[in-house]
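No lab work stands behind these numbers, since they all come straight from the coordinates. Since the model is a prediction, treat every value here as computed from it, not as a measurement. Note: ideal-geometry Cβ built from the backbone for every residue, glycine included; neighbour counts use all protein chains shown.
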């Protein structure tokens, strides 16, 4: 019997509407159910908005997990979780949201399609991703070389 491969991934989470702490916890629980085994969870960190103006600050975190899903399946599951939690995109620009889930790394893969770019293009320039990411990523992780500066 062929063994099904699991891929190590990093997902960034953010929330700036409602009970932000609870939103992150619910999203993590939903990912545990539909995506795979959660490996590590960073502390939740507060940050200002990025790319637009709002009076609502963000609460951010990163997780590492193992999944059997392809990158496209993973993206679809994250979008389902966002929708289930009440995220509705009103515009094509940045806006306040109850939950935002982004794939930062998918194992050691480089992906560049219209729907998905991995590693995430802006992770190094976004402190709200970089700080929690550096807290949980370890030197033996397959995506560690992507983080070098």
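What the table below lists for this structure:
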{"item": "Residue 101 vs. criteria assigned to a strand (DSSP E or B) and farther than 20 Å from residue 5 by Cβ", "result": "yes"}
{"item": "Test for residue 124: is it out of contact with any helix residue (DSSP H, G or I) (no Cβ under 9 Å at 6 or more places or on another chain) and either closer than 25 Å to residue 34 by Cβ or not in a loop (DSSP other than H, G, I, E, B) (or both)", "result": "no"}
{"item": "Scope region 8-36; condition under 28 Å from residue 142 (Cα atoms) and either surrounded by fewer than 13 Cβ atoms within 10 Å (Cβ to Cβ) or more than 15 Å from the chain's Cα centre (by Cα) (or both); matching residues", "result": "29, 33"}
{"item": "Qualifying residue in region 101-108 (condition: surrounded by fewer than 18 Cβ atoms within 10 Å (Cβ to Cβ), without any contact (Cβ under 8 Å) to a residue 40 or more places away in the chain and more than 16 Å from residue 41 (Cα to Cα))", "result": "yes"}
{"item": "Failed item in (1) part of a loop (DSSP other than H, G, I, E, B); (2) within 22 Å of residue 34 (Cβ to Cβ); (3) without any contact (Cβ under 8 Å) to a residue 12 or more places away in the chain; (4) under 16 Å from the mean Cα position of the chain (by Cα), with residue 76 passing the rest", "result": "(1)"}
{"item": "Which numbered condition residue 77 fails, given (1) out of contact with any strand residue (DSSP E or B) (no Cβ under 8 Å at 6 or more places or on another chain); (2) surrounded by fewer than 17 Cβ atoms within 10 Å (Cβ to Cβ); (3) over 25 Å from residue 54 (Cβ atoms)", "result": "(2)"}
{"item": "Scope region 51-74; condition crowded, with 19+ Cβ neighbours inside 10 Å and out of contact with any helix residue (DSSP H, G or I) (no Cβ under 9 Å at 6 or more places or on another chain); matching residues", "result": "71, 74"}
{"item": "Inter-residue pairs, beta-carbon under 6 Å, first farther than 20 Å from residue 47 by Cα and in region 21-32, second in a helix (DSSP H, G or I), 6+ apart", "result": "30/81"}
